[in-house]
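Here's the structure, in structure tokens; my notes come after.
The values are calculated or read from the model by the stated rules, or taken from the named source; none is laboratory data. Quick caveat: nothing in here was measured; it's all calculated off a predicted structure. Here the Cβ positions follow ideal geometry from the backbone for every residue, glycine too, while neighbour counts run over all protein chains shown. For accessibility, only protein heavy atoms count, side chains too; no ligands or nucleic acids. Shrake-Rupley method; radii C 1.70, N 1.55, O 1.52, S 1.80 Å.
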Amino acid sequence: MRIQELVVYRDFGKEEGRILQDISYLAGHYRDPGGRKEEMASLLYDCIHRLLELAGSHGFYGNLWHCYLSDLLVNNENSYSKACEIRGRVQGTINRAVLHDIVIFKEFFDYDFTDMARVLSVEGMELALNYVGGEGDGKEYNSRIRDRICSLAVKFTKNHTPEEMKATLTGFYKEYGVGKFGLHKAFRVVHGKEGVEIVPIRNIAHVHLEDLVGYEIPKQKLARNTEAFVEGRKANNCLLFGDAGTGKSSSIKAIANAYYSQGLRMIEIYKHQFQDLNEVIAQIKNRNYKFIIYMDDLSFEDFEVEYKYLKAVIEGGLERRPDNVLIYATSNRRHLVREKFSDKEENGDELHRMDTVQEKLSLAARFGVTIYFSAPGQKEFQNIVKTLARRSHILMPEEELLQEAGKWELAHGGLSGRCAQQFVDYLQSVRNC
């Protein structure tokens, strides 16, 4: 196996590329093991073990060796794969370099382990080459991502030439992208060994805009702004504000699901991470995806100064915000920063009173689109309850349903979409007991 001859697809990471390194070593030395036959057999058993572990952690099934190789290819962020994401085929000399590597990868895919297992007296290789998986998601991938990679592995085996295999891989990059940004919808920010890291959120709620009852005008306003963004037209930072439990956060999650296939990705960031914003933007500004930096329940007390830093990042610093980045935030406060009557009192001890007022309003002013979510009235709340109950197949006389919903909202926070959903969830749990 000519792993040392790879040109573009070389850097797989120490752990990720370890199985490939070990199999490549075994392929080149097992026929003449000398006095190291037992050591080589142990290494092959270890490779089988790690492939089976991938089946558990990633959910892979079928030929685990092929799934592993496919996973390496779809996660390798290089000059070719990043150029192909979203756009598809590219021109230039890079295609010759990639084809050179795909010739080698096709040798990996076509490798027959029969002789190696026989010479080293290793049993169990067939377990990794014909693995029947269980149901459910793996720790690393959900079933949607897992199935894409396993299906790609099968497609590769049907490609008769390296050119066909390269075309298949390029098509995958165009349809799904490359690496973590290609495979996943949403991300969070953490501090890892190498500093600020953007890591995938494995399980995002599968909520859609049509699942949110009512609020048609706010949803349309949010969708129009997001559509303009993913289509490359001018769009604004967006602030969703209003009463608690009215669907602000759910609308953001729905947007992530609705526009994922058009290249939209979402990165959730918290108030204490605002100092990392510049680094986050630096990591995503040259990618061919559209990124929404999402800040949930954003608000500041008057003694907190983080909002001043956020103002400069959103708009006001020397570096222009990249065209592929927007900021969406939700808040119960229209102006985000806590306001007091004393801010407007004439007899206060503030020398320039209006300067303080403008300072507190300036952050909210940087959101070009503001969308208000108000608490529903009694009739609207009842309509939400009836719609959710119907979707959940709850068979209950309407009069009784609304009477029980009225009792529930009095004891659980008042009229809101969240309260209605919690009531319907309660009815489902009672009926399933």
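When you look at residue 38, is it touching a Phe, Trp or Tyr at 6+ places or on another chain (Cβ under 6 Å) and among the acidic types (Asp, Glu), yes or no?
It is false that residue 38 is touching a Phe, Trp or Tyr at 6+ places or on another chain (Cβ under 6 Å) and among the acidic types (Asp, Glu).
Table: residues versus (1) within 32 Å of the chain's Cα centre (by Cα); (2) modelled with pLDDT of 95 or more.
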| residue | (1), (2) |
| --- | --- |
| 1 | no, no |
| 11 | yes, no |
| 17 | yes, no |
| 27 | no, no |
| 37 | no, no |
| 45 | no, yes |
| 51 | yes, yes |
| 54 | yes, no |
| 59 | yes, no |
Positions within the stretch 233-246 being buried (at least 20 other Cβ atoms within 10 Å of the Cβ) and either part of a helix (DSSP H, G or I) or among the polar types (S, T, N, Q) (or both), in sequence order: 237, 246
Some residue of the stretch 389-411 being part of a helix (DSSP H, G or I), modelled with pLDDT of 90 or more and within 30 Å of the chain's Cα centre (by Cα): no
Filter result for the condition that a residue is at pLDDT 95 or above, out of contact with any Ser or Thr (no Cβ under 6 Å at 6 or more places or on another chain) and closer than 21 Å to residue 182 by Cα, over 102, 86: 102
Qualifying residue in the stretch 223-232 (condition: among the charged types (D, E, K, R), surrounded by fewer than 17 Cβ atoms within 10 Å (Cβ to Cβ) and within 16 Å of residue 328 (Cβ to Cβ)): yes
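I'd like to check something: does the stretch 98-112 contain any residue that is open to solvent by less than 30 Å² (accessible area, probe 1.4 Å) and either of a type in the set (Gly, Ala, Ser) or free of Cβ contacts under 8 Å to residues at least 24 places away in the same chain (or both)?
Initial filter on the stretch 98-112 (open to solvent by less than 30 Å² (accessible area, probe 1.4 Å)): 98, 101-102, 104-106, 108-109.
In the following step, the residues that additionally are either of a type in the set (Gly, Ala, Ser) or free of Cβ contacts under 8 Å to residues at least 24 places away in the same chain (or both) were identified as none.
No, every residue in the stretch 98-112 fails to be open to solvent by less than 30 Å² (accessible area, probe 1.4 Å) and either of a type in the set (Gly, Ala, Ser) or free of Cβ contacts under 8 Å to residues at least 24 places away in the same chain (or both).
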Identity of the residue in the stretch 265-291, in contact with a Phe, Trp or Tyr (Cβ under 9 Å, 6 or more places away or on another chain) and without any contact (Cβ under 8 Å) to a residue 60 or more places away in the chain, that ends up nearest to residue 326 (Cα to Cα): 291
Sole residue being free of Cβ contacts under 8 Å to residues at least 12 places away in the same chain, closer than 25 Å to residue 252 by Cβ and in contact with a His (Cβ under 9 Å, 6 or more places away or on another chain), chosen from 210, 216, 197: 197
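Can you name the residue in the stretch 411-433 that is among the aliphatic types (A, V, I, L, M) and within 14 Å of residue 375 (Cα to Cα) and is also least open to solvent (accessible area, probe 1.4 Å) among such residues?
Quick first cut of the stretch 411-433, residues among the aliphatic types (A, V, I, L, M) only: 411, 415, 420, 424, 427, 430.
Those left that are additionally within 14 Å of residue 375 (Cα to Cα): 415, 420.
Working: 415: 49, 420: 0 Å².
My answer is 420.
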Search result, residues across the stretch 114-138 that are open to solvent by less than 20 Å² (accessible area, probe 1.4 Å) and either part of a helix (DSSP H, G or I) or modelled with pLDDT of 95 or more (or both): 116, 117, 125, 128
Which numbered condition residue 267 fails, given (1) assigned to a helix (DSSP H, G or I); (2) closer than 14 Å to residue 313 by Cβ; (3) of a type outside the set (Gly, Ala, Ser): (1)
Residues of the stretch 139-190 classified as open to solvent by 20 Å² or more (accessible area, probe 1.4 Å), in contact (Cβ under 8 Å) with a residue 12 or more places away in the chain and not in a loop (DSSP other than H, G, I, E, B), total: 15
Count - residues of the stretch 390-410 that are touching an Asp or Glu at 6+ places or on another chain (Cβ under 9 Å) and open to solvent by less than 60 Å² (accessible area, probe 1.4 Å): 2
Odd one out for residue 288 among (1) under 20 Å from the mean Cα position of the chain (by Cα); (2) in a helix (DSSP H, G or I); (3) farther than 27 Å from residue 376 by Cα: (2)
Test: residue in the stretch 277-294 that is more than 30 Å from residue 88 (Cα to Cα) and open to solvent by less than 40 Å² (accessible area, probe 1.4 Å): no
Any chance residue 188 is closer than 26 Å to residue 272 by Cβ and touching an Asp or Glu at 6+ places or on another chain (Cβ under 6 Å): yes
Unmet criterion (only one of (1) more than 14 Å from residue 105 (Cβ to Cβ); (2) of a type in the set (Gly, Ala, Ser); (3) open to solvent by less than 30 Å² (accessible area, probe 1.4 Å)) for residue 56: (3)
Residues of the stretch 193-220 satisfying the condition of being open to solvent by 100 Å² or more (accessible area, probe 1.4 Å), part of a loop (DSSP other than H, G, I, E, B) and in contact with a helix residue (DSSP H, G or I) (Cβ under 9 Å, 6 or more places away or on another chain): 206
Odd one out for residue 389, checked against (1) touching a residue at least 24 places away in the same chain (Cβ under 8 Å); (2) within 30 Å of residue 294 (Cβ to Cβ); (3) not polar (S, T, N, Q): (2)
Some residue of the stretch 73-91 being of a type outside the set (A, V, I, L, M, F, W, C), in contact (Cβ under 8 Å) with a residue 12 or more places away in the chain, crowded, with 21+ Cβ neighbours inside 10 Å and farther than 16 Å from residue 174 by Cβ: no
